[in-house]
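Worksheet for the structure shown next.
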Amino acid sequence: MNSAISGHIYTESSMNQKEETVFAQLVPCIVALQKIRIYYKGLNDNAADWRDIDPYLIGENKNGRIVLSAYFYPDDGQRSSGQVNGWKTYFLSNIQSIELTEDSFDDDRPEFNRQDKRMKTIICCIP
């Protein structure tokens, strides 16, 4: 199946079923500028936790992995372990759950780059 999102054509067949499911949940949040919480399992199984984020962009990175670029807001526990506000990249395959919030975010972060050079292909981007 082909998707046309923000002017891009992308063949979802290169995504596995889990990535397609997460992708389908994330796209409306990106388009609506909706803050979300994700339960993310990092490279280390002990790193699984909830993360409050503003989702900005989904792309295929240069290694062929489908990733979400988002602005991260650490909670008090994450902050006490040294995590700070900032841009993070998340593998769609490692997102275990998504919770919607009622809050939206502004798209005015000057450091956001719609032409993210870490991506081979931009799939979906904020409007």
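Every number in this text was worked out from the coordinates using simple rules, so none of it is lab data. Bear in mind that the values here come from a model prediction, so they are computed numbers and not experimental data. We place every Cβ from the backbone using ideal geometry, glycine too, and count neighbours over all the protein chains shown.
Counted by neighbouring Cβ atoms within 10 Å, the residues 43, 26 run from fewest to most as 43, 26.
Projected label points at residue 103 and residue 49, each 7 Å from Cα along the beta carbon direction, are separated by 1.7 nanometres. By the helix-only formula, in which each DSSP H run with n ≥ 4 contributes -39500 (n - 2.57) and the sum is divided by residues, the chain has a 222 nm mean residue ellipticity of -4500 deg cm²/dmol. Shown for the chain is the translational diffusion coefficient from the Stokes-Einstein equation, using the Kirkwood radius over Cα pairs, a temperature of 37 °C and a viscosity of 0.692 mPa s: 221 µm²/s. Most tightly packed first, judged by the mean number of other beta-carbon atoms within 10 Å of their residues, the peptides 94-105, 75-86, 51-62 read 51-62, 94-105, 75-86. Remark: spin-label model distance residue 16-residue 75 equals 2.7 nm, labels positioned 7 Å along the Cα→Cβ axis.
Taking Cα atoms only, the orientation of helix 17-31 departs from the longest principal axis of the chain by about 80 degrees.
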